[in-house]
């Protein structure tokens, strides 16, 4: 199941969605010191639902977004507006409202491919820890999908997200 997915402006369709999956049985227990392998795949579609349906034709299991820890938007897409995607994500029961929102100055696909955690074997654990570093560093914020959505709907607040150039760790 995808640990994160990202949105870019599509070349032939409205959006390009990139998914990062961990390899089955890559719990890291038998591979001490090695990073658990992952697979990154992208599809272009008119909407999120179509992208999930399309990726389901490529993977051996049905994609379930309930394990997603991070949602990445490219800066280009964010400038065009991401409210439609945020509403779609909030309407999907399987998407966790505590997933973190990141805006990447590169494409979302480049950001996802650049993630190389060196101090953590499990990529899933890395995505849990990364946004939480705000608790002890003050260099980032812990921005959840539900908070972003609530501020998007508010007449007195503006939504904010984590802005990252790339993710080389």
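Here are the numbers for the structure shown:
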item	result
So residue 52, is it touching a helix residue (DSSP H, G or I) at 6+ places or on another chain (Cβ under 9 Å) and in a helix (DSSP H, G or I)	yes
Flag if residue 44 is over 12 Å from the mean Cα position of the chain (by Cα), modelled with pLDDT of 90 or more and assigned to a strand (DSSP E or B)	yes
Test: residue in segment 71-83 that is closer than 13 Å to residue 145 by Cβ and surrounded by fewer than 21 Cβ atoms within 10 Å (Cβ to Cβ)	yes
Residue satisfying condition, being in contact with a helix residue (DSSP H, G or I) (Cβ under 7 Å, 6 or more places away or on another chain), surrounded by fewer than 12 Cβ atoms within 10 Å (Cβ to Cβ) and either modelled with pLDDT under 95 or closer than 20 Å to residue 116 by Cβ (or both), within set 62, 94	62
Of all residues making up segment 107-162, the number that are outside any loop (DSSP other than H, G, I, E, B), out of contact with any helix residue (DSSP H, G or I) (no Cβ under 7 Å at 6 or more places or on another chain), at pLDDT below 85 and crowded, with 17+ Cβ neighbours inside 10 Å	6
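The values are calculated or read from the model by the stated rules, or taken from the named source; none is laboratory data. For clarity, every value in this text was computed on a predicted model and none was experimentally measured. Neighbour counts are summed over all protein chains in view; Cβ atoms, including those assigned to glycine, are modelled from backbone coordinates with ideal geometry.
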